[in-house]
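We did not get these values from a lab; they are worked out from the coordinates using the rules stated. Bear in mind the structure is a predicted one, so any value in this text is a computation, not a measurement. Neighbour counts are summed over all protein chains in view; Cβ atoms, including those assigned to glycine, are modelled from backbone coordinates with ideal geometry.
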Amino acid sequence: MESENEISLSTGKVGGRWSRLGILWPWTLALVAWLALFMATLTNQLVLFDHDYLLNSGHLPWLLALAVFLLMWQVMTLAMMLPSTLPTLFLLVPERGRGGWKMQAIFLLVYAAVWTIFGVLAFLGDTCVHWLVNHWEWLYQHAEVITLVLFALAGGFQLCRFKRRCLLGCGAHLSLCKGSGLRTAGALGWRYSWYCVGSCWALMLVTFGLGGKNLLAMALVALVILLEKGLPEVRIFRFVVGGAFLLLALLWAALL
């Protein structure tokens with residue numbers, strides 16, 4: 001009887017250690033990503049996040065520019081998106097036993113893959129925009145219009161129903177985790193990731209469009225994403241952020 005109690009106690013301790021690991025390492029990953037961005041700021045390397053530098057002034061071959069961008073994109077998405085994803089990751093940690101961190105790793109790999117798809121599409125779209133700027137005199141003379149469109153697009157998207165559905169979709173998958181034991185981490189990661197992209201693509205596109213050179217702007221957008229995904233039912237917050245973007249668009253238009 002005593003040996004059974006000892007085995008149970010030992011198993012509980014092992015499970016507790018692995019549970020703590022499943023909580024600590026995602027936090028560590030997010031902190032390392034922010035530290036990398038901070039160090040890039042101090043060493044003036046945030047220019048590697050700048051699409052204009054990669055496609056124009058850097059004089060890099062297009063494929064090399066894409067490769068550099070995708071590497072930097074992983075760091076930026078980890079820093080900005082991972083904090084809002086932590087509640088889901090923590091649900092993958094079993095109360096007893098091992099294996100939770102492996103499920104978290106699979107989830108994050110799928111999550112990174114989906115955001116990489118979006119990053120490639122954003123870079124391709126930006127390549128087309130740069131081509132237009134170089135071949136359309138009016139747009140070359142009024143390149144600020146592109147920023148205006150980004151602000152207006154982000155503001156309008158904040159107010160639309162699709163944005164709210166995607167935010168609620170993220171929360172629905174939290175309920176699925178609790179209710180059904182997850183199914184598989186990969187399948188959950190795939191579904192959750194697309195809801196996440198659906199709710200946050202406009203905010204990330206603004207960050208990308210502004211060149212990704214401002215650490216404070218990244219932090220503010222990351223905070224907005226964290227609050228939106230944490231409080232999907234609080235519509236007033238989305239409306240305030242959307243109104244702020246639309247106001248920025250109007251101010252930008254007034255300065256043209």
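Neighbouring Cβ atoms within 10 Å as the yardstick, rank ASP52, ASP126 fewest first.
Sorted ascending by nearby Cβ count, the order is ASP52, ASP126.
How much of the pair distance distribution for the range 104-255 lies past 27 Å, counting alpha-carbon pairs only, in percent?
30
Going by how many other beta carbons lie within 10 Å of each one, how would you line up CYS166, CYS196, CYS128, fewest first?
Going from sparsest to densest Cβ surroundings: CYS128, CYS166, CYS196.
Could you work out the local net charge near VAL133, counting Lys and Arg as +1, Asp and Glu as -1, over the other residues with Cβ closer than 14 Å to its Cβ?
Net charge in that neighbourhood comes out at -4.
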